[in-house]
Structure formats: structure tokens, C-alpha cells
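Visitor: Structure provided below as C-alpha cells; questions to follow.
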Amino acid sequence: MIALGACIIGSSSIKTWQIIKLLGTSKSLWQWKTLYGLKISFLGGYALAFGLLLHEQAHWLGLLTSVVFFLGALFVLLSVSVFYQTLEALMLAQANYVSEQARAEEALESLYHLKQNQMERIHYEKMLGIQQLVAGIAHEFNNSINFIHGNLEHLEGHLADVLKVVHYYEHIPDHSPALDGIDLAFINIDILNIIRSIRHGSVRTQNLVAALKDFSRLDESAQKVVSLHQGLESTMALINSQLQADANGKPTIEVVRDYGEIPPIDCEPAAINQVFMHLLTNAIDALRTNAFMARQDLDQPKRITLSTRLVQDGWVSIQIADTGCGMTSATQALMFDPFFTTKPVGHGTGLGLAISYQIVRRHGGFIQCQSALGQGTTITVHLPINRTAAARVSPRIGLRGMAET
């Protein structure tokens, strides 16, 4: 038993020495060294008891046992004290860790909100500049085109009178020989075609100015009840040129409209139109990228589908689907992060989708994304018809979509 006890104490002493080396300069180092000294004393006691038995000096064992019991009691007291202080230090360290982690998370959240505020400030300044620019352009264009369009009827009437006079002189026997070299019939038809072309161009310009004004909503308050279909069409009018084929081999992009019966919604029209602009521009870019990467697949449709639906009481959805290059799951996970972009340097800021996400969220809505590489992308924007109703309805889908992309 003496040998077994000595082995146990020896093993415990080795572990205690390892703890002493781990503690380094800790405040509790002296206590562990005291424990180590007591364990060495125990080993000495076991060795002394073994020697007394060998030399038949058993009458000294009583005194030795008393000393060992005293040292054992002291060892137990010191062990409990050391373990208590060690546990207290561990709990304090854990509390400090939890506190530091909470502060770190709070700092990260503050940094995130600061980043979002900076992004929204950049967007606000950008939109303010765009609105002022559009206001000036729309005003100048509107004045000029109204002047042209308003005088077309007078010009057409005056030219008709002039042609009548020329036609009258043409049938006078002694008319000027200069009239013989003029094809008055052709001029008559051509003038009508020219006026018709000018009128068509002026009407198109008037429609473009109206689309610009509707897109930026310069003449309206920030929030009002509007038609989403009108906003979609105004945005489409502004990007119509990007849908056409060009000499560089870019194919024509087909736009399919699948509008449902949806009521007007309470929103900020200019901001929602910005969302449409960002999503449609991304869809066009995806189709252009797809056309470039798979130019040999000429039969693949280049199509954007616009769909609107009344999805549930108080909510509408706007879906923009393209047959473009699609996205990987990794890209979808980052697509709404500020400054994230898959475009080459100089071709995108990475703010479009992040701004769109913030705008939709500010309206109490959320965005879904479904995409697969090579299979196109479908972005669905869910918006409440009324913001007050949105506060009472809790969507079952996350703010960014089914997978929180």
C-alpha cells in the first residue's frame, strides 16, 4: 500500500509541475508550488515509512502517521483554496470573453450601420445630382420639342399653300421654264413624309421626356400611391436602346410582359424606379455576358420576363427573370453586399443591388433570388401595398430570400 500510495503521489507531482510551467508568472503560481512541495513531502514520508519498516523501527510510525495526517489536512485545505481561486479566475476569464465578444459584435454592428449610412448617403447625393441633371435636361428638351411640335402644323399648312401656288403657276401657259425641271409631285409627297417624320420624332422625344420625369418623379412628393406598371414602363423606355442589337454582335433582347392585376402601392416612386433600373441593368448585363461567353449558341433565347402578381392580402410581387449566365451559390451569398461586383474593374461599383436591397427593406419588403450557373436568374421583389399593413404582416420568407442570399 505504501508503494502504491507513493506511485499515486509521484504521478500527481508530475502533473502539478506541468501546471506550474503552464502558469508562468500567474498570481496563483506560489500556491501551486506549495502544493508541489507538500506532495514532495508526502513522497519523503512514504520513503521514511518504508525505511522504518525495513529497519524494524515500527514504534516511530505513530509519530510519522500524525505528521502525515497533519500535512494531508494542510494539503486538502490548500488544494480546495487553489482550485476555488482557479475556478474563479476561469469564470472571470469566461465572463470577460463574453463581454469582449459582445463589445466586438456591437462594434461590428456599428461598423455595418456606418457602412450602410455611408452607402445611403452616397446614393442620396448621387440621386440628387441625377435629379437636378434630369430636371434641367427635361426642361430644355420639353421647351425645344414643344416649340418644334407646336409649329409643325403651321409649317405644314404654309407649305401646302406654297405648293398650291406653285402648282397653279405650273399650269399657266407662259410659266417660267425653271418650273419644268422641278418634280412637284415628288416634292409634295416628300415634304409630307419629312413633316410626318419630324412629327414622329418629336412625339418620341416628348415621350422620352415624360419617361424621364416619371422615372425621377421630379414633380411629385417623395412618397405617394403609384402604379408599379407605370414605373416599369418608364424604366424600360430609358433602357430601350440597350435591348437592341448592335454592330459588335450583341443580339436583340426580347422583353416579355406578364402583368397581373395589382393595385397601386404606397411607396417612394423615384426610389422604386431605381430598384427597377438596377435589376433590369443587371439582367441585360447577364444576357450580354452570356452572349459573349457562348456566342456559338445562337439559338439560345435572349429574354427578360417582367411579371407582377398580387401574392397575398396586402402584398404584391415584381419578378424580373432573365435567360442569362446565372450565378453560383457563392455569388448569390454576396450579391447584396456593398461594393461586391463580378464585373471587370471600371465597369461597376457594386452598389446597385446593395442600394436596391436597402430601398426594398426601407419599404418593408424583401427580395428573393433564384439562380443557377448557366440557367438564368429570377429576382422577385415583394412589396407591401401599404406600409402600415406591412408592419402588421410578418413575411414567412427572409428579407433577402428563401436562403437569405
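The values are calculated or read from the model by the stated rules, or taken from the named source; none is laboratory data. Fair warning: this is a prediction, and the values are worked out from it, not measured in the lab. Because the Cβ atoms are built from the backbone with ideal geometry, glycine has one as well, and the counts that use them run over all protein chains shown.
Visitor: Would you pick out the residues in the stretch 360-405 that are modelled with pLDDT of 55 or more and out of contact with any strand residue (DSSP E or B) (no Cβ under 9 Å at 6 or more places or on another chain)?
Guide: 362, 372, 373, 374, 375
Visitor: Based on this model, can you work out whether residue 289 counts as among the hydroxyl-bearing types (Ser, Thr, Tyr), modelled with pLDDT under 80 and either assigned to a helix (DSSP H, G or I) or under 30 Å from residue 324 (Cβ atoms) (or both)?
Guide: Details: among the hydroxyl-bearing types (Ser, Thr, Tyr): yes; modelled with pLDDT under 80: yes; either assigned to a helix (DSSP H, G or I) or under 30 Å from residue 324 (Cβ atoms) (or both): yes.
Judged against the criteria, residue 289 is a match.
Visitor: Right, here's the next one. Does the stretch 256-286 hold any residues that are over 14 Å from residue 360 (Cβ atoms) and assigned to a loop (DSSP other than H, G, I, E, B), and which are they?
Guide: 260, 261, 262, 263, 264 - these are the residues of the stretch 256-286 that are over 14 Å from residue 360 (Cβ atoms) and assigned to a loop (DSSP other than H, G, I, E, B).
Visitor: Here are 196, 204: which of them is modelled with pLDDT of 80 or more, surrounded by 10 or more Cβ atoms within 10 Å (Cβ to Cβ) and part of a helix (DSSP H, G or I)?
Guide: Values: 204 fails: modelled with pLDDT of 80 or more.
Every option except 196 fails the conditions.
Visitor: For the stretch 320-337, state whether one or more residues are part of a loop (DSSP other than H, G, I, E, B), more than 22 Å from residue 383 (Cα to Cα) and at pLDDT below 75.
Guide: no
Visitor: Given 191, 265, which one is crowded, with 16+ Cβ neighbours inside 10 Å, modelled with pLDDT of 80 or more and not assigned by TED's automatic domain parsing to the domain that holds residue 364? Explain how you work it out, then say what you get.
Guide: Details: 265 fails: not assigned by TED's automatic domain parsing to the domain that holds residue 364.
That would be 191, the only listed residue that is crowded, with 16+ Cβ neighbours inside 10 Å, modelled with pLDDT of 80 or more and not assigned by TED's automatic domain parsing to the domain that holds residue 364.
Visitor: A follow-up question, please. Could you identify the single residue in 100, 120, 125 that is at pLDDT 70 or above, assigned to a helix (DSSP H, G or I) and outside the structural domain of residue 359 (by TED's automatic domain parsing)?
Guide: Values: 120 fails: at pLDDT 70 or above; 125 fails: at pLDDT 70 or above.
Going through 100, 120, 125 in turn, the sole match is 100.
Visitor: Identify the residue in the stretch 207-230 that is buried (at least 18 other Cβ atoms within 10 Å of the Cβ) and more than 26 Å from residue 149 (Cα to Cα) and, among all such residues, is modelled with the lowest pLDDT.
Guide: Ranking the qualifying residues of the stretch 207-230, first place goes to 226.
Visitor: Still on this structure: Pull out all pairs, ordered by first then second residue, where Cβ-Cβ is under 9 Å, the residues are six or more apart or on different chains, the first lies in the stretch 152-168 and is closer than 15 Å to residue 196 by Cα, and the second is of a type in the set (Gly, Ala, Ser).
Guide: 152/202
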